[in-house]
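Heads up: the structure comes next, in structure tokens.
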Amino acid sequence: MKNTRRNFIKMSALSAAAIPFANISADPLQVNKSDVNKPIVLSTWNFGLVANQSAWEILNKGGRALDAVEAGVKFVEADPKQKSVGLGGRPDRDGRVTLDACIMDEFSNIGSVACLEHIVHPVSVARDVMEKTQHVMLVGDGALQFALSLGYKREKFMSDETKKEWKEWLKNNSYKPVINIENHDTIGMIAMDASGNLSGACTTSGIAYKIHGRVGDSPIIGAGLYVDNEIGAATATGHGEEVIRIAGSHLVVELMRQGNSPTQACKIAVERIIKLQEIRGKNVRNIQVGFIALNKKGECGSYCIQSGFNYAVYDKTGNRLLDSDFSVK
Ligand code: SD4
């Protein structure tokens, strides 16, 4: 009798434990493999076009999505003309250029650096955190020392032009981030390779003239970037505080898991941000957030708060820049 009862309890516990997993099939989106649009890469803003080009060279040769997204965003990090990413990034209010980046692969390996100074390729340091340490995130001086120990070169940041702009800003010293600055910002990139595997990367110098030490969404897995190799991937740009508040990129992926298209998922996430702005008595017109998303079928989409956000998509039909649809008209 005792035994039977124990067995019953055991069985109940087993079946209860099995319930949450019962719905998680290996293929929740019911992907018909022959219809998958792959390889494909998409990335935020105008500079996504050149970044996609670098990524495509790898994807088109059958390379891994992880290598493609790293190479793609590195192209933008190294461009001194880009004032919101990498080498050319604008400083914080103390005149220090601090960089945030993260990377995630098809196995849910993750790596991230935040508030990293003097290193041109924070995304590669993030990948080294992922592949060479038992941690997932390094910040500030610790991230810098880690990079230097691996042989990364310490570089001088801030061009004369950026320094001049910062000195100008210091005269008023007021922190009012401008939306859609120069139509380019953080680069977030997500890709599916010819094997159908997903990866993503995200890198930025963050919002200009922030308080020293401020970290946005971009290096935070689940906020600025998320990849689930069974479902899809998403990345974000814009006011990082608002993206973190809703765990944005993770939310977009979970919304795709529930059957929403990439565009619908991005839209629902954007609407949640807008609703929270209203609840908190904030003016939504002062902020911009854009998401881009890709699912396992190779379908992609985007949505943002207000006009001005665009993204680049490269698949077998070519590389193109698309305007994102938006909520606040
Ligand atoms: C941040 N999301 O640091 C980044 C910056 C950005 O448009 O994308 N700005 O909050």
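The values are calculated or read from the model by the stated rules, or taken from the named source; none is laboratory data. Worth saying up front: this structure is predicted, and the values here are computed from it rather than measured. We place every Cβ from the backbone using ideal geometry, glycine too, and count neighbours over all the protein chains shown. The accessibility values were calculated without ligands, DNA or RNA, using every heavy atom of the protein model including side chains. Shrake-Rupley method; radii C 1.70, N 1.55, O 1.52, S 1.80 Å.
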F309: net charge of surrounding residues, Cβ under 10 Å, Lys/Arg +1, Asp/Glu -1, itself excluded? -3
Sort E278, E165 by heavy-atom solvent-accessible area, probe 1.4 angstrom, most to least. E278, E165
Excluding residues on the same chain fewer than 8 positions from K83, give the lysines whose Cα lies under 24 Å from its Cα. K74, K153, K156, K163, K164, K167, K171, K176, K210
With all protein chains modelled, accessible area of R64 [1.4 Å, Å²]: 70 Å²
Residues other than E230 with Cβ under 11 Å of its Cβ, Lys/Arg counted +1 and Asp/Glu -1, net out at -1
With the contact rule set at Cα under 8 Å and sequence spacing of 6 or more, what percent relative contact order holds for the chain? 21 percent
Of the accessible area of the chain, with the probe set at 1.4 angstrom, what percent is carbon plus sulfur? 53 percent
Top to bottom by accessible area (1.4 Å), largest first, where do K74, K171 land? K171, K74
Can you give me the solvent accessible area of W166 with a 1.4 Å probe, rounded to the nearest 10 Å²? 40 Å²
So the FRET efficiency between I279 and D323, C-beta based with R0 = 35 Å and rounded to 0.05, is 0.75
Between K81 and R96, the two model label points (7 Å from Cα along the beta-carbon direction) sit apart by a distance in nm of 3.1 nm
Keeping all protein chains in the complex and leaving out DNA, RNA and ligands, what accessible area do you get for K167 with a 1.4 Å probe, in Å² to the nearest 10? 110 Å²
For the chain, the convex hull over Cα atoms projects on average to an area in nm² of 20.2 nm²
Per residue, how large is the accessible surface of the chain? Use a 1.4 angstrom probe and give square angstrom. 45 Å²
Lysine pairs with alpha-carbon atoms under 21 Å apart, segment 259-329, spacing 8 or more or separate chains: 9
Express in nm, to one decimal, how much length is gained between L150 and K164 on full extension, taking 0.36 nm for each residue of separation and deducting their alpha carbon distance. 1.7 nm
Just reorder S249, S54 by solvent-accessible area, largest first, 1.4 Å probe, all chains present. S54, S249
